Amino acid sequence: MSNLVLKGINKIYPNGFQAVYGFNLEINNGEFIVLVGPSGCGKSTTLRMIAGLEDITKGEFYIDGKLANMLSPRQRGVAMVFQSYALYPNLTVYENIGFGLELLGIDEEVIEQKVIKTAKILGLEEYLDRKPRELSGGQRQRVAVGRAIIRHVDVFLMDEPLSNLDAKQRVTMRSEIIDIHRKIGATTIYVTHDQTEAMTMADRIVVMKDGYIQQVGTPYELYFNPVNVFVAGFIGEPPMNFVKGEVIDNLLLLNQTDVNIPLNNYELVKNHKNVIFGFRPEAAILEAHVKDEEGILIEALVEVSELLGDNTNVYAKIGDNNIVIKIDPHDTPEMGEVIRFLIPYKSMYFFNQEDEKVIK
Ligand code: ATP
């Protein structure tokens, strides 16, 4: 296990494009960190700088307190699993897992012990004689992980390792990777664009956009205390709803609606003029189910209802604004129906329209 510190890390590629700006992060021993964000936000670049596969243009990177900027990938004690498994097609699972150790000239008996131990951790014992083409996608992925963990590195880096798997395999591998992490305890940095992966796997998530860190926090913190519209909209599925509005005296008037939100409990919102009102789809309570929750009632015109089994996602319009709410499947409304639901005061978010930062 290692602790890692990234201080003011910048990456400018030779063509002059800056992919990462002022990246600061302290990663604790054994922590599972997920870097998440849309395509092109600089996740892989950051991971590759940590691995030593890409130069750090500016800033400092420390491993266990020692400056590591100039160390080679091998000297850093890191192992990396990529999106493409890059297994050797002509080698068996046993040979693929043991290949790295063989290159190091390690004794065959030691290699055998280690390969068998690794295969046990990954549930691959039965497949050691098979070639990669005789394996499922999930099994191949486990071989790729095995090849990385056999070296007992202190830092484990993964770049979208599940993206070649189908939805079901991804769910299974998610928990397998968490399980392996518990067993080997290596500090892990995992890159994905999938917020569900980030939420379910991370100790802490780093949300990135356009080369900048937007927020670092536990899944709980990011979900309930997003710092800006981007994080609020990126974390959560379906995403948070946003409706623009204008503050007039003690009220927030939502654009193109007759909804007014009293701001008695939101003194800070009153200091702004143009505000974005946010609420999560699951915060909505249909009028018929409201008990003693206090909030505002909103009327919406249903466009599509998606019955998913355990809940229904209702896509609707408040004035010209598209929103989605998550309700009990037994209450599924018809297209064209007008529904009324309450958003409790405690579930409301407000953001400044200019810089899109949360107001609180
Ligand atoms: P994805 O999820 O699509 O892999 P990412 O967040 O991992 O995206 P990066 O691969 O880190 O993004 O790329 C960040 C930005 O840097 C992108 O705009 C990309 O086009 C650019 N970029 C990546 N590699 C190079 C390079 N070698 N030279 C110039 N620009 C590059």
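The values are calculated or read from the model by the stated rules, or taken from the named source; none is laboratory data. Source: prediction; values computed, not measured. Counting neighbours? That spans all protein chains shown, and the Cβs are built from the backbone with ideal geometry, glycine included. Heavy atoms of the whole protein, side chains included, go into the accessibility calculation; ligands, DNA and RNA do not. Shrake-Rupley method; radii C 1.70, N 1.55, O 1.52, S 1.80 Å.
Values for this structure:
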| read-out | value |
| --- | --- |
| K11 vs. criteria within 11 Å of the ligand (Cβ to nearest atom) and under 26 Å from M173 (Cα atoms) | no |
| Residue that is most open to solvent (accessible area, probe 1.4 Å), among those in segment 14-27 that are touching a residue at least 40 places away in the same chain (Cβ under 8 Å) and away from the ligand (no atom under 12 Å from the Cβ) | N24 |
| Residue in segment 280-294 that is in a strand (DSSP E or B) and more than 24 Å from Y223 (Cβ to Cβ) present | no |
| First in segment 157-182 and within 16 Å of the ligand (Cβ to nearest atom), second anywhere and among the β-branched types (V, I, T) and part of a helix (DSSP H, G or I), Cβ under 7 Å, 6 or more apart | L157/I50 |
| Flag if V143 is assigned by TED's automatic domain parsing to the domain that holds P73, over 30 Å from G65 (Cβ atoms), among the β-branched types (V, I, T) and surrounded by fewer than 19 Cβ atoms within 10 Å (Cβ to Cβ) | no |
| Strands (runs of 3 or more DSSP E) contained in segment 310-360 and holding at least 3 residues within 29 Å of L268 (Cβ to Cβ) and open to solvent by 10 Å² or more (accessible area, probe 1.4 Å) | 321-327 |
| Tabulated pairs, segment 31-55, first on the phi > 0 side of the Ramachandran plot, second within 8 Å of the ligand (Cβ to nearest atom) and not in a strand (DSSP E or B), C-beta under 6 angstrom, 6+ apart or interchain | G37/K43; G42/G211 |
| Which numbered condition E293 misses (of (1) open to solvent by 50 Å² or more (accessible area, probe 1.4 Å); (2) closer than 20 Å to P38 by Cα; (3) in contact with a Leu (Cβ under 9 Å, 6 or more places away or on another chain)) | (2) |
| Top-ranked residue in segment 168-200 [being at pLDDT below 90 and of a type in the set (S, T, Y); ranked as nearest to F32 (Cα to Cα)] | S175 |
| Given (1) in contact with a Lys or Arg (Cβ under 8 Å, 6 or more places away or on another chain); (2) more than 28 Å from P281 (Cα to Cα); (3) exposed (fewer than 15 other Cβ atoms within 10 Å of the Cβ), number of the condition D179 does not satisfy | (1) |
| Single residue of segment 200-215 satisfying the filter (open to solvent by 10 Å² or more (accessible area, probe 1.4 Å) and part of a loop (DSSP other than H, G, I, E, B)) that is nearest to the ligand (Cβ to nearest atom) | D210 |
| Residue tally, condition more than 19 Å from F350 (Cα to Cα) and open to solvent by 90 Å² or more (accessible area, probe 1.4 Å), over segment 267-288 | 1 |
| Segment 237-255, residues that are part of a loop (DSSP other than H, G, I, E, B) and surrounded by 14 or more Cβ atoms within 10 Å (Cβ to Cβ) | P238, P239, M240, N255 |
